[in-house]
Each structure stands twice: as structure tokens, then as C-alpha cells.
1. So which of V477, V519 is within 20 Å of L458 (Cβ to Cβ) and either over 22 Å from the mean Cα position of the chain (by Cα) or surrounded by fewer than 20 Cβ atoms within 10 Å (Cβ to Cβ) (or both)?
2. Count, please, the residues in region 710-730 that happen to be over 18 Å from D271 (Cα atoms) and open to solvent by 20 Å² or more (accessible area, probe 1.4 Å).
3. Cβ-Cβ distance below 7 Å, separation of 6 or more or different chains: which pairs start in region 552-573 with a residue that is modelled with pLDDT of 95 or more and end on one that is in a loop (DSSP other than H, G, I, E, B) and among the hydrophobic types (A, V, I, L, M, F, W, C)?
4. Could you tell me how many of the residues in region 131-153 are of a type in the set (S, T, Y), open to solvent by 50 Å² or more (accessible area, probe 1.4 Å) and assigned to a loop (DSSP other than H, G, I, E, B)?
5. Take region 13-45 and flag every residue that is at pLDDT 95 or above and either loosely packed, with under 13 Cβ neighbours inside 10 Å or over 32 Å from the mean Cα position of the chain (by Cα) (or both).
6. Residue check: is I217 of a type in the set (A, V, I, L, M, F, W, C), in a strand (DSSP E or B) and without any contact (Cβ under 8 Å) to a residue 60 or more places away in the chain?
7. Out of the strands (runs of 3 or more DSSP E) lying entirely within region 257-369, which hold 1 or more residues that are surrounded by fewer than 19 Cβ atoms within 10 Å (Cβ to Cβ) and in contact (Cβ under 8 Å) with a residue 60 or more places away in the chain?
8. Which of the residues that make up region 370-410 are in contact (Cβ under 8 Å) with a residue 60 or more places away in the chain, among the aliphatic types (A, V, I, L, M) and either closer than 16 Å to P324 by Cβ or open to solvent by 20 Å² or more (accessible area, probe 1.4 Å) (or both)?
Amino acid sequence: MKVLKTLILASIITTFGCSKNENKPIEVVQGPLSYEAVPIRLQPDSNFIEIKGLGIAKDIFEKASIGESTVNLDDQGRLVIINSSLSHPIENLHIQLKNGEVDIPLFKSEKIKYTFHYSGSNTAKEVFLAGSVNGWNNKGNSLVRTDSSWHATFDLVPGRYPYRLWIDGAETLDATNEKTMDNGLGGLNSYFDVGDINAKSPFIITQKVDSGKVYFISEEKINHALVYANNTLIAEINEENTSFSFQLPKTELDRMNIRVYSDNGTLKSNDLLIPTSKGQVIQNTKELSRKDWQHSVMYFMMVDRFVDGDSANNRPTLSDEIMPQANNLGGDLQGIIQKINDGYFEKLGVNTLWISPISKNAEGAWGLWDKGVHSRFSAYHGYWPTALTAVDDRFGSMEAFNQLVNVAHEHNMNVILDYVAHHVHENHPLYQEHPDWSTNLHLPDGRLNTELWDEQRLTTWFDVFLPTWDFSKPEVVDALTDTALYWMNNTELDGFRHDATKHIPVEFWKALTFKMRNVSGKNLFQIGETYGSPELISSYISNDQLNAQFDFNLYDAMVDAFAKSGTGFENLARVMTESLNTYGYHNTMGNITGNQDRARFVSYADGSIDFSEDAKLAGWTRDIENKGEVGYQRMAMLQAFLMTSPGIPCIYYGDEIAMPGGNDPDNRRMMQFDGLSKSQSDLRDIASRLIQLRQNSMALTYGDIKILAATNNYIVFSRTYFNDEAIVVLHKNANSKIAIDLPVGRITQDWKVSGKAIK
């Protein structure tokens, strides 16, 4: 059996000198907020923060401050914060209430003015820029013509920005810019850099816990640090040094997170996250629970395509227009229950199950694929609802779903339900009763408003029979948030995966989160689906919206690095750093092996599908199977990266055995459990061992992360949590020698190596 030589782990004990900082212990109790507040990222100018969205009623608010400066509350119940008033990259917002106090970190905006110029056409009538600056909206930024060039000005954080130009309606590279990068689709994008993308930020590392104190160090001097216990600021360090400590607070809380943020006056550092129980630092993963989301490993299955546990509810659509792969195949809730009881998920090691939508869906044949192959579709996938508070009988019943949740909890697993709020099927009674509650199917210029993902992001229909709700109407927001409450109030599910997040305005997500906490009295985990720039993705992650989203930009970089022979790891390191800086070094973003909207990773990796071809057409027109060992080996490297990186690893069903396939519906084949080849079984064993490795290492769940090297052949990064450390090495050339500088404070003896080489 070929195993992986990409992982090197160490468990080491060291001693360190004491910090000069002495902090008296304080007592921390459960505060007035029901959740742990995340940092508020400010915009460059004025910022208006609704206290209602923070879970604070106006009648209990007393005052707010940043340092010695008062923060005013306007007549709309908003805290008014001027970005330029912050003296450090990180500051604390203190809110005094009648029933307690709240402290929330503030991140000063890093955006700078950048003016883009294009001077390649004197005859064009209009030029648009479409790229990561505007979600690839080809109507998003019209360039202004001057005597010598076209230009537009943006507020952007330092980083790399790919783009293309639309000149009089024709898409093209920027002929005046020699900087290009792979677009992941077999072509190129132009790009520009903003600021110093190689600027070295401060980096802090946990050292030790001794006599009720936590010690941490910095690779270079910092002069400011804030330490939080849940929503209480327990220490503010204003000392230029490289070694620091703070006193652990007194508390009887079963779970309390310690968070550390620091800066050097110009740039902020990475953050530290330290879970505690009753005031003691947790240093063994056996003390963690399924509710510690950094400890989660997720598994996504499409209900209809997993296991047929009850043949009595099988009801494929009878239509000659639907090819078999686009029809119901019989998978159901009972099948998932069987696999939980069989121990499949426990053996694999996952502890969070994400299941596709189970609400009642449309009957009959809908949609059309007509590119050499003609087929309509049944609603087997669950994304065409005709009722939002009833289980589709082809999947089972509400009783079956509640049984699934209960059985999962008995096996120490979370259940996340896929929830569709953006649209319904035209046969949904609510739409039939209120057709005016939808956006317009036709645009003012007469075009169909379908699949205009970026140009009409908040109004576009996914198909002509799938009306998009008009969330500018309060009655629509109220009705749709109530349907989500139904699932909260009638089941014990642990969270939602929200479909098409970016196509719904933020006001809806704020209303839903408010109702969840204040009406249902729950605090479920919410993770969204957004394709777009890090800024767009992060705009839906906040104290009053979602906890996380899936990081598709990181996935694209992973596919580019691991599935292609000629691509190195430099871009993966860049995108990984961008994600960490945007979402935090201890984020709960979903990091996927694949999903239902992409061709299978292994089929790209083994060359069965070319990146330049139409992967959906490939799935319809030819039989795509595994081709040789290289696909399995590259999938193993992808899994190793996921299981050792921050965020929540998410396995798309079948990727643990490298199921092949083009784009949908070919990537949604029935799950294979029996008759596995040796390569499939070996890969599943590797996946299981990698998951177990993660689940048994505090470094791989709560450790800081530092990229040590990224070249054409390898990427190396470290993860450290006190005396638990991992060095991760992923390389494409097993015979190459790798020399790296270890992070400050690390030693090099007593390393335990886990893994062997793959070729």
C-alpha cells in the first residue's frame, strides 16, 4: 500500500523564560451576549454598527468607548465609528450595558486608494473592468476616458487582483499589461498588485502555560496586544517586546475561548485562539466536543445519491425526456441512518454531516440540457422547493429526519441542513399566492434575467421556473426567515448550510440571525455558499450574520496546485495567506475536496477531463472513470493539505475513494461502498488516518499557522499550539531536498515522522 510522505509531526516539550508582563486575574462569567463576538472590520471612512445586530437592546445600552474616546449612538441605534480615529491597527470597543459589559475587537481598515489605468484603445466606445475587485461583474466598473487612458479608482486592501477587460462588449486580456496568471479554466487573466503584497506582518506563537499564566512570543517586536476571554477584555499590553504573558481569568464556564490579537503599530499579526474549560487551558483534543467547530471535519452527501435505505419511497419521474443520471435514484434519510449505525462515518473520522435539502420539491421534468445531448431533470437534488416546511416523501418524513439527527448525536456527530431561501419552484403555493413577491424575470432592456450571477447578483433567476424572492419587501424577509425558524423549532439540528448566499441581501441574513437568537433562543452554526472575492465572501460573515462560508478561492488554488503537473505552490501560499488575513487564522471556513457544482477533482487530476473543456458536456457524452494512480496520489495530497490547514475540512461524498465524474449530474453518481479497488480502499484508509491525525492534534485544530516555504516543488508550513507542533511538507518531487528555517522558539530534535513517499 502506498502511503503519504507529506506530513511530518513533532510533539516536543520545551521551557521558556518568563515575560515581563504581570496581569492580575479577573473573574469572567457568562456575559450579556449569547455568542462570541468576532472582530469588526472597519471601512475606510465612517462606520455605522447596529447595536440590535450585536444582540443589544437600545433600552439597556448605557455608553460605548474606544480607549478614552466616547463612541456615539445615533438616533437609529447605531454606533458611529470613524476609521481614522483608531490609533492602532487593532483597538477595543467597550460597551457598557445595564446588565453587563461587552468588549469587541476592532480592525482598522487596511484599504488604500488604487487607480487602475488602461491605455490600449483610442477608438473604443466603452471599457469595463471585470475581476476580483467587483465579483467579475462585466458591467460593474465602467472605466472613465481621459485624453491618454481609461481609468477607475478603487479602495482595496493590499493584494493581487486578477481581471479581464470588456471592450465594446468583447472580453479580452489587457494587452497593455504583461502580468498574467492562470484562471483555472485553461486560460489566463491579467492582474495587478496593490500595495506591498510581500510585507512581513508580525507573527505570534503560543509558548507555555505555567502557574496560571499564558506565555507567547513574537518573531519581531510588537508594541500592542489585546487579550479576550469570550467577550471580556482581560489584558491590554502596551510594551515593545518579543515575549509576553497574561494571567488566565477565574471562571466556572465549561467552555471559554481566549483570543489574542496584536500589532506593531502599522500591521496586525496573526491571532491566537486558546480554548479553556473552567479556567484551565485545554491541551488534549479528548477534552473537545462536537460543538467546538475548529475540531469539526464535515462530510457532505446528496441524499438521493447516497444510500437507498427504504425502497418503498422510490418514485423516479416517469418521463422519456429525463436521462437516468438526471432522475431520482432512490437515496433517502433512512439510508443515511443506516450508514451512521454501521459506523461508516465514525471509521472515516468525520463528526459533522451536511445533507442536501430535504424539503418537498417539484414533481415532473424541468430545465433542459441540449448540447448534443437532450435531457430534462427531476428535482432529485432538493434545490427546487415547492414547500419549505415539509419533508419530501421521496426522502422520508420529518420523523425520519428527527431520527437521523438523534442517531447522529448519539454517535457524537453534528447535523447541518442545506437550506434554500433564495428561490422556490414556480409551483410553490406562496409564490402562486404572491407572484409580486419575486424579482422581475425580464430586465428593462428586454433580456431574460436568468443566470446573470454577477451583473444582477441580487435579482437574477436561476431558471425561468425558479422565481427569485424580492427581499427588498419586508414581508418576504419575514416569511422566509420564519421557514428557517420552523426547522430550528421542530428539530435539534446543529446548523445550516445556506444556498446561494451572495444572491440574497445582507438584510435577510441579519434578520434570520436575529430571529434565531432572540425568537428560537438558539445559536446554530451557519455557513454560506458564495463564489466571489474575499471581500464579497467576508461581507456575509459578521456578528449579526453567518459564522463562515466555503472558501472557493482557496479551493481553486488547491486544484491548480495539486491537480496540475506544471503548477507550483507559490500561488496556493499567496491565496492561503490572503484567506487567513481576511477570515482569521482560526476561521471556520469550509475547505472542500469538491462539491456538486464542479467536476470531480480526481478526474482533473488524472487527466480524464481537461481544464479547457466543458466538464458538464464531458460528463454527458463519455464514460469518465479513474485513469491510473496519479489521480489517487494527488487526491491524497489534497486531503493532507485540508486536514492540516485552518478551517473546517469538508469531504464531498465519494471523494474519500476518488469517485470520478464530470460536472453535474455526472459528479452526483450513486455512492459506491462495495467492490472497491485496492487504490480506492487505500485512499479511504489514508483519508481516515489523516482525519484521525487532525482530530488527535491540538496543533492541527487550534494551532497558529506559518508558511515556511513555497516553491515550484513543495509547500511547507508549521502549526503550533504550546508544546504540540506539526510541520507539514507537501511536495511533488520525492527526491528533492528541502531546507527550511523553523519559526522562532522551536527546536529540532525528537521529531516523530508520520508518512511515506508517494511518487
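1. Every option except V477 fails the conditions.
2. Count: 5.
3. The qualifying pairs are A561/F569.
4. Looking only at that region, the number is 2.
5. Scanning region 13-45 gives a single hit, Q43.
6. Here the answer is no, as I217 does not meet what is asked.
7. none
8. Across region 370-410, the qualifying residues are V373, M398.
The values are calculated or read from the model by the stated rules, or taken from the named source; none is laboratory data. Note that the structure is a prediction, hence the values are computed from the model and not measured. Note: ideal-geometry Cβ built from the backbone for every residue, glycine included; neighbour counts use all protein chains shown. Surface areas here come from the heavy atoms of the whole protein model, side chains and all, with no ligands, DNA or RNA. Shrake-Rupley method; radii C 1.70, N 1.55, O 1.52, S 1.80 Å.
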